1. Take every Cα-Cα pair in segment 1-128 and report what % of them are more than 20 Å apart.
2. Of 176, 85, how do they rank once you tally other Cβ atoms within 10 Å and put the fewest first?
3. Taking springs between alpha-carbon atoms closer than 10 angstrom, which of 246, 259, 57 fluctuates most in the Gaussian network model of the chain?
4. How big is segment 222-315 in terms of Cα radius of gyration and Dmax, in angstroms?
5. Which angle between 0 and 90 degrees, to the nearest 10, do you get for helix 288-306 versus the longest principal axis of the chain when only C-alpha atoms count?
6. Once fully extended, how much extra length lies between residue 18 and residue 263, figured as 0.36 nm per residue of separation less the alpha-carbon to alpha-carbon distance?
7. Could you rank the peptides 143-149, 305-311, 219-225, 229-235 by their average count of other C-beta atoms within 10 Å per residue, with the highest value first?
8. For segment 99-279, what is the convex hull volume of its Cα atoms per residue in Å³?
């Protein structure tokens, strides 16, 4: 018996119901702590998303029946991994299938932020477009600019490949330098601070960890070139949001593109005052192909576990 608290893709649900007894949460709202604890008495496995939080307190109350948490996500900052392991509960995720979809969204945010996508759409959509001028909505050119990437995992490398199609000069910071064939001519920086100074556009593509919490603060935003653009399609906790508003308001940053926020769902109302902050509601992986692939990876992990094998994406 497995519990699926969110509305996964049709193909995923069809396969899950074919192979398992499934309890689905039909209202498609986040599984609260008490629900998670209660369901642990009824199921052997769960397929949660990033919206279900397995804190140490929740884990301590889980019923021994629960044997595996097969996350429908790559990020696991919603899970206290140490606590889950101490209870003997297997934890898996879905790496390797989100990179292109998330990189596409990051590039969309970058282009839209650079070329006044929010303001342009609003003007035409509202019927207020009644003039033209050479000075009208003049933006920042992406072609040939320098792109700094923080985190050269799958998403970062996919973004770099796409950026080369725009003749961008790729710079990056990573925990370790890539091999030359993976680098593909990108310029490595051994510190974030070195990377910031050359980043006309800066894309955050690293995980949320204690070390990356609030790493883009006022001091670091100030190190970016004047007129720079920040893109975050990773985790909201990476950015000091008040400092970002100040940097945009002052004109030091020309724009920002954000798919994630410190408060989710909801976002930051202060960003909405600025047409040069482009926002999406944390949907980097939201394509049919990718959501099917994520769901199937989660089920592959369940299949292996219940067959007595180590899941391919065991954490």
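1. Values: 4313 of 8128 pairs.
Considering segment 1-128, 53 percent of its Cα-Cα pairs are separated by more than 20 Å.
2. Values: 176 8, 85 13.
Arranged by neighbour count, lowest to highest, 176, 85 become 176, 85.
3. In the Gaussian network model the winner is 57.
4. Computed over the Cα atoms of segment 222-315, radius of gyration and Dmax are 18.5, 58 Å.
5. Orientation of helix 288-306: about 30 degrees from the principal axis.
6. Working: separation 245, 0.36 × 245 = 88.20 nm, distance 3.63 nm.
Between residue 18 and residue 263, full extension yields 84.6 nm more.
7. Numbers: 143-149: 20.1, 305-311: 13.1, 219-225: 18.0, 229-235: 26.7.
Sorting 143-149, 305-311, 219-225, 229-235 by mean packing, highest first, produces 229-235, 143-149, 219-225, 305-311.
8. Once divided by residue count, the hull of segment 99-279 is 119 Å³.
Readers should treat all values here as calculations from the given coordinates under stated rules, not as data from a laboratory. Values in this document were obtained by computation on a predicted structure and should not be read as measured data. We place every Cβ from the backbone using ideal geometry, glycine too, and count neighbours over all the protein chains shown.
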